[in-house]
Amino acid sequence: MNYDDQNLTEEELEIENDLENYSSVLNLEDEKEKISNYKFLKPKKAKRKAVNLRLRENDIIRIKQMANREGIPYQTLLTSLIHKIANKDIKLTVS
């Protein structure tokens, strides 16, 4: 680069220094391989299973209204609630 350092701001000097010290990845596939070996960086994908439920029509209408107010699909709302119940994040009382 070799610009006249006297005319560069501190930020520009820092950028110039970063560019001079920048090293590109010569073999992208090798780098991808190295990164993919870090399994701990990859979150485990939870397995999903489809279920069929018979719900009261009025309950579905109210759930859809609640989900609409939250701006999410009603299936997402139900999935979230079931997940919270399963993980005891919500206390369940059955009457």
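What follows draws every value from the coordinates through simple rules; no lab data is involved. In this text the structure is predicted, and so the values were computed from the model without any measurement. Backbone-built Cβ (ideal geometry, glycine too); neighbour counts: all protein chains shown.
Across the range 54-71, in residue order, what do the Karplus-derived ³J(HN,Hα) couplings come to in whole Hz, using 6.51 cos²θ - 1.76 cosθ + 1.60 with θ = phi - 60° and x for Gly and Pro?
9, 10, 5, 4, 4, 5, 4, 4, 5, 5, 5, 5, 4, 5, 4, 4, 7, x
So between LYS45 and ILE85, what do we pick up on full extension, going 0.36 nm a residue minus the alpha carbon distance?
Values: separation 40, 0.36 × 40 = 14.40 nm, distance 1.98 nm.
Difference between extended and current length: 12.4 nm.
Multiply the residue separation of GLU12 and VAL94 by 0.36 nm, subtract the distance between their alpha-carbon atoms, and state the gained length in nm to one decimal.
Values: separation 82, 0.36 × 82 = 29.52 nm, distance 6.55 nm.
Going from the current span to full extension adds 23.0 nm.
Loop only by DSSP, 11 or fewer other Cβ within 10 Å of the Cβ. Give me the trypsin sites (Lys or Arg not before Pro) in the range 43-95 that pass, ordered by residue number.
Values: sites: LYS44, LYS45, LYS47, ARG48, LYS49, ARG54, ARG56, ARG62, LYS64, ARG69, LYS84, LYS88, LYS91; in loops: LYS44, LYS45, LYS47, ARG48, LYS49, ARG54, ARG56, LYS88, LYS91.
Those satisfying the criteria are LYS44, LYS45, LYS47, ARG48, LYS49, ARG54, ARG56, LYS88, LYS91.
Quick one: 3J(HN,Hα) in Hz for the range 84-95, Karplus 6.51/-1.76/1.60 with θ = phi - 60°, rounded, Gly and Pro as x.
5, 5, 5, 9, 6, 7, 10, 7, 9, 10, 9, 10
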